[in-house]
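In what follows, a single structure is set out as structure tokens and then discussed.
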Amino acid sequence: MGLLSRSRIDVRDAGIRGTLGWLSSGLFRLGASLWLAIALVGCGPEYGAPGTYAAHGTVEDVDTARAQVLIEHEDVVGLMPGMTMNFAVSDADVLSALAPGQIIDFEIRFTGRSYEVTGFEVVGEAPPEAGWRRLGDGLVRTSPAPDFELIDQAGDPVSLASLGDRVLIVDFIYTECPGPCPVQTSNQVALQKRIPEALHEEVHFVSISLDPEVDRPAVLDRYARARGADLSNWSFLTGEKDIVAPLVRRWGVGSVRKDDGSIDHTLVTFLVQNGRVMEHYTPIEGQADALLADLVVLAEARALARGSAATLPAGR
């Protein structure tokens, strides 16, 4: 398993809707091209013709590596209905100035084959009621964290509500996993040890079993202790199968039982606070510090709100 990097998703009751990290530009272009073909047939030759168009929308994500921006926009008169789609951004200065959560008036250049943002003006900031929250210096689109009521490695009940406003690191594992889960748990143990001592009480780890019939509390306890987890702020959770299985789906974590009894599943870690999924992180190489940096930002803010600023390390 590699290290963790972040990208944004929305967790819904029906699953997860991905943004730039999950949808290829090819799919966007294909969808846009199909829509355009229908529009041209139904609305005459002038509708959707190549040219420059004024638009208004909210920046959802920016992919600097691909030079693309994902925008939820209103109807673009003469070009397309309102939708969420990605646009090319060839101007490096324009791309670098775009940021998630900006409400913008922007210019689209349609060539007949591609859609490009050529300029924009920030006219507002996405509101909290639309799910946007501040994380560090930027805004992120958050979504409701699916609730749970399970039992931990000691047999005690744990729910999302019982964890209050602590910063949560949520993942999904099972104890008989032949490789990925132990590595993921070891990565989380390493992360746990890197959290400043002054912020220890602000953070709580949650690992939910994908195999609750096997992973009873005593089994989870042995698994956790064997990997060096500090159980003072870490809950390994299980429950009845008919409760856990739909919960896993609500979190958008895919899992399939194979013929040999192992479980193929999504490797993902969620950063959660106040019942909202703030970010998610997948195990790809290169950005191991992203999760730590984000959780420290949230933990420091919680510590300050609780009046424990005096306990924070110097320089924080």
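What to note about this one:
- Only beta bridges with both residues in the range 54-171 are counted; by DSSP, about 95 percent of them are antiparallel.
- Where Rh is the Kirkwood radius over Cα pairs, Rg/Rh for the range 232-287: 1.00
- Each residue of the range 210-226 was assigned a 3J(HN,Hα) from its phi angle through the Karplus curve 6.51 cos²θ - 1.76 cosθ + 1.60 (θ = phi - 60°); the sequence is 8, 9, x, 5, 8, 7, 7, x, 5, 5, 5, 4, 5, 4, 5, 5, 5 Hz, with glycine and proline shown as x.
- Antiparallel bridges, percent of DSSP beta bridges restricted to the range 145-311 (to nearest 5): 60
- In Å, descending, principal axis extents of the Cα set of the range 174-221: 37, 20, 14
- Mean Cβ neighbour count within 10 Å, used as a protection proxy, ranking 156-167, 181-192 highest first: 181-192, 156-167
- Under 5 Å, built H, 5+ apart or other chain: amide partners of M83: H73
- Each part gets one Cα centre, and for the range 112-156 versus the range 181-208 those centres are 23 Å apart.
- Note that the range 145-311 carries a Kirkwood radius of 16.2 Å, evaluated over its alpha carbons pair by pair.
- Maximal additional length on extending the R134-E121 stretch stands at 2.6 nm, based on 0.36 nm per residue less the C-alpha distance.
A short reminder: the numbers here are calculations on the coordinates, not readings from a lab. From a predicted model like this one, the values you see are computed outputs, not experimental measurements. A quick note on method: Cβ atoms are made from the backbone with ideal geometry, for glycine too, and the neighbour counts reach across all protein chains shown.
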